[in-house]
Amino acid sequence: MSESTSEGGVTRAKVAEHVSETVEKRARWACYLSLVALGFIGWSLISQKPLPVIFAMTIGQLLGTLSLLLFLGSIALDVRARYKIKRTDLMPSSLPPSKQKD
Amino acid sequence: MLWHSPCSADHARGEVRRRAPSHARGIVTFDFPHLLNLGALICAAASAVVLLWYLIRRPPLNRSTRVWLFAGLGPLPIAAAMAGNVSNLEVTKKREFCGSCHVMVPYTDDVKNPESPGLAAKHSKNKWFGDESCYTCHADYGMFGLVVTKIGGMHHVWDYYTDDWDAPGHRPPKLYKPYNNASCTQCHASSGPREPLEHKVHKAGIESGAVGCGKVGCHGPPHRVREHAVVPEKVEGAKL
């Protein structure tokens, strides 16, 4: 944040901070979801009975897929935000007016 | 008396050993579902370690952390789920699995009984599919064939958990629809030089399904469980 003194710099730093917070939060959620999914899958592997098997193959897979999507989505968000920030570095006026006021 | 010969049991055992499918026990000493199971567990554990490491240590989300997280959220759990599915689907074909709901236990007990004269019991002794005999004869039942697409197969599970099968005088399980003779004819051509007269007489009925192969008077009853017509008290550890 060496440029935090410049007007645009404060905005960019804040945006960047917000983005990275969101990204980290989503990544953590992806981990929680995935751990629950792994719990179901692990349960079915240890006790191959009707209910565990059904849960693993339904809820387990659903949560597992969601967690991966959430993680990939958050990375995409991050990449896009970085790209935008970089671009506004070149063209400061292109930041939305509301954010420029901060 | 289609394929029966006095020495068929011993003979068949020798035969089967040579062309044993993966699930025949005792031939390939480590069995396939178990290996898969182990692999799946290892992948799941590795994935959990990565995820817990991230959650506990909270390293910055830099490139290498992302790669680790991706491995822990993508390939590792996917491998665990896929190996787990295969292994679980194998297991759902097993006789013991069918017996994990106590309503089914009279049937699994009957086929386990070496003295049982029932058709199902006779089909449960050979090494080729004896282990999976219930599933083999009731395959269109396909409870877990493809869980997501065959939601209809969940009928049994639904019935099991929504009904009190232990209630005194509860009716025994019954077929949802008449037994499909095609399940028998997938293995038994039922025609040929030694074709019994009954088969010829009932040819049309057998093909249309009007005459069930497993009916009393033909080859049935397949299951000698009627003495258990009212499901006995819960079998220890059978439920879930």
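Of note:
- Accessible surface ranking that places the most exposed of B:Trp165, B:Trp68, B:Trp158 first, with a 1.4 angstrom probe: B:Trp158, B:Trp68, B:Trp165
- Modelled spin-label separation between A:His18 and B:Ala71, with each label point placed 7 Å from Cα along the Cα-to-Cβ direction: 3.5 nm.
- Accessible area of B:His123 (1.4 Å probe, protein heavy atoms only, ligands and nucleic acids ignored): about 50 Å².
- Calculated FRET efficiency for the pair B:Lys125/B:Ser190, C-beta based, R₀ 22 Å, to 0.05: 0.60
- Counts of other chain beta carbons within 10 angstrom of each beta carbon in peptide B:104-116 average 0.
- Label-to-label distance for B:Lys215 and B:Thr162 is 3.1 nm, based on points extended 7 Å past Cα in the beta-carbon direction.
- Taking each of A:Lys49/B:Lys112; B:Lys93/B:Lys122; A:Lys49/B:Lys93 in turn, the alpha-carbon distance never tops 23 angstrom.
- Prolate/oblate/rounded call for segment A:11-90, Cα gyration tensor, a/c under 1.5 rounded: prolate
- Label-point gap, in nm, between B:Ala204 and B:Asp109 - each point 7 angstrom along Cα→Cβ: 4.4 nm
The values are calculated or read from the model by the stated rules, or taken from the named source; none is laboratory data. What you see is a predicted model, and the numbers here were worked out from it, not measured in a lab. No Cβ is skipped: glycine too gets one built from the backbone with ideal geometry, and neighbour counts run over all protein chains shown. For accessibility, only protein heavy atoms count, side chains too; no ligands or nucleic acids. Shrake-Rupley method; radii C 1.70, N 1.55, O 1.52, S 1.80 Å.
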